[in-house]
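Before any comments, here is the structure.
The values are calculated or read from the model by the stated rules, or taken from the named source; none is laboratory data. Just so you know, these numbers come straight off a predicted model, no measurement behind them. Here the Cβ positions follow ideal geometry from the backbone for every residue, glycine too, while neighbour counts run over all protein chains shown.
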């Protein structure tokens, strides 16, 4: 009698504990999903920041002057994207005093 | 079998036992009734209360779209940032809080204390918006009282190219509303649509779950691609800076257009401002003078009149006009030329920019034809460019014209135009006679067909337009008033203009001039057209468009031609080596 009662009680407790554990796991997963959503937002923002920084570093305003003064070491790409290369460089043509000849 | 006697006495008498059972039963009954009350009758009330404590709806702001140039270079983008607010009603010691947060935010503790005290009954008070990362970290480290403060996510607009095309792009104010330029005109496209989400939080206020119900995903703003090319724009901006330094005018503007399709490659104005620091901008710098300044075009208007006269058969290409040795009486009015010209061919009337020659052409054409010519080339109405604040210029109704108008209109007087209207009219001559609506937006994501929609109006025949460009306008640069715009290796055409400034009461401002120069290349197939307008140069009394504006326009044109891989003619390059130094001055 007592053995049966104890067994049922243990079973009930076990089921309850399992339920709690599953509930806890569900909650953890929900939290992880939520975290991923916020992380996605953060990554998107990080992407925007890095893109902005890259654009800032390569703005024509900051590159054109040194390029025209010959301060930037230029290396022509081995496989240029464009085939219609300039017959005269920006450096040569950008100087107002550059009379031809 | 005998029955065994019951040795145990009963604990409770049957009466007592019934009483206990009844009490326990009643207890269960009461508990059951309470359970029904809580779970059944008052279920919604308590569920609502619990939900209110556990869940809340947060608004998710949509990220505004980017503005890029025709090559995809970033002109404006959006970064997320945080803003600090206080809940004054939950603050007991305003002074202490103010002193704590004032230093890291660079604010005055006294004024902050006053601000909190004055608003002590409010639930929400902005302290500083769009904080830097350092400021956010500093505030977090302060351990301010819980519930009395918070951060709110906001977006900040960044303009990585700085002052480049500031008036064209405009800016977004602190509330994310577009002000001026593309930001204002395409505000609804760029802005996007805010969303909302319901989140569940734990007892400490941390979000534990984003719930699916009531969720509205924010729709990010669309990107807008402009026709501008930042490099060409930079050439224009640099030349305007040089003009401001050299001639110290009140203002100046420059436009570079592709005459074949009306694409604006550059549109610059001085004075200007940095949209990243709008608080430092002067009131004059906000105006986009390329579309919102009106002035008399002067001689730059003459080619349109001559081309229409030719088209109507009123003028012949090979005819000549006697320019009366610099003085010509027209009714009660005596007209003068800068030089005493005698007989000038039609080409030379434009090359020498003879006012008397043009007045005689005006007499030949009559007011009606003059008015039709001006209207045909788009004067007196907006061009329709996708920018706010464009002015239509001034072209008075024909009935208000007098005999004075017959002489004045052909010289580019009694008519007012914006720089954009003028270059659009010249683009019509350069592309063979089609008046193309200028455009600044190449494409937006929403409307991919935007790039295809074109509006053109025929003006004069291709032959007439080509003749004007290849002969008089090219000669202007080769041997006329625009010699300073010669570019080694290219056949350039152009026209100078010098006009008195208009006063607000409709008259002229004595001694104040607007100098302009429009030029394009290559003559054989014009790919670029540049206009520079200089308002009231103040150095050395020099006002002539051929001297003040022409070098800047030519410099912009030359650099843009090379950048756009429009190769120079090698034969012309060699010939240019023999130009005298006084002939080529940049």
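Descriptive notes on the structure:
- Among the residues listed as B:351, B:306, the single one being over 20 Å from residue B:401 (Cα atoms) and under 44 Å from the mean Cα position of the chain (by Cα): B:351
- Of all residues in the stretch B:197-234 being more than 24 Å from residue B:187 (Cβ to Cβ) and part of a helix (DSSP H, G or I), the one that is farthest from the other protein chains (Cβ to nearest Cβ): B:232
- Listed by position, the helices (runs of 4 or more DSSP H) contained in the stretch B:537-576 that have at least 2 residues being assigned by TED's automatic domain parsing to the domain that holds residue B:527 and surrounded by fewer than 16 Cβ atoms within 10 Å (Cβ to Cβ) are B:570-576.
- Restricting the stretch B:260-269 to residues that are touching a helix residue (DSSP H, G or I) at 6+ places or on another chain (Cβ under 7 Å) and at pLDDT 95 or above, the residue that is nearest to residue B:541 (Cα to Cα) is B:269.
- Selected residue (criterion: modelled with the lowest pLDDT) from residues of the stretch B:564-578 that are farther than 18 Å from residue B:256 by Cβ and more than 7 Å from chain A (Cβ to nearest Cβ): B:578
- Each residue in the stretch A:53-72 was checked for being under 16 Å from residue B:71 (Cα atoms) and away from chain B (no Cβ under 11 Å), and 0 pass.
- Each residue in the stretch A:36-52 was checked for being over 10 Å from the mean Cα position of the chain (by Cα) and facing chain B (nearest Cβ under 9 Å), and 4 pass.
The rows are residues; the columns are (1) within 22 Å of residue B:235 (Cα to Cα); (2) in contact (Cβ under 8 Å) with a residue 60 or more places away in the chain; (3) in contact with a strand residue (DSSP E or B) (Cβ under 9 Å, 6 or more places away or on another chain).
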site	(1), (2), (3)
B:498	no, yes, yes
B:505	no, no, no
B:513	no, no, yes
B:520	yes, yes, yes
B:527	yes, yes, yes
B:540	no, no, no
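- Against the numbered list (1) part of a loop (DSSP other than H, G, I, E, B); (2) surrounded by fewer than 24 Cβ atoms within 10 Å (Cβ to Cβ), residue B:275 comes up short only at (2).
- Any chance residue A:75 is out of contact with any strand residue (DSSP E or B) (no Cβ under 8 Å at 6 or more places or on another chain), within 12 Å of another protein chain (Cβ to nearest Cβ) and under 24 Å from residue B:71 (Cα atoms): no
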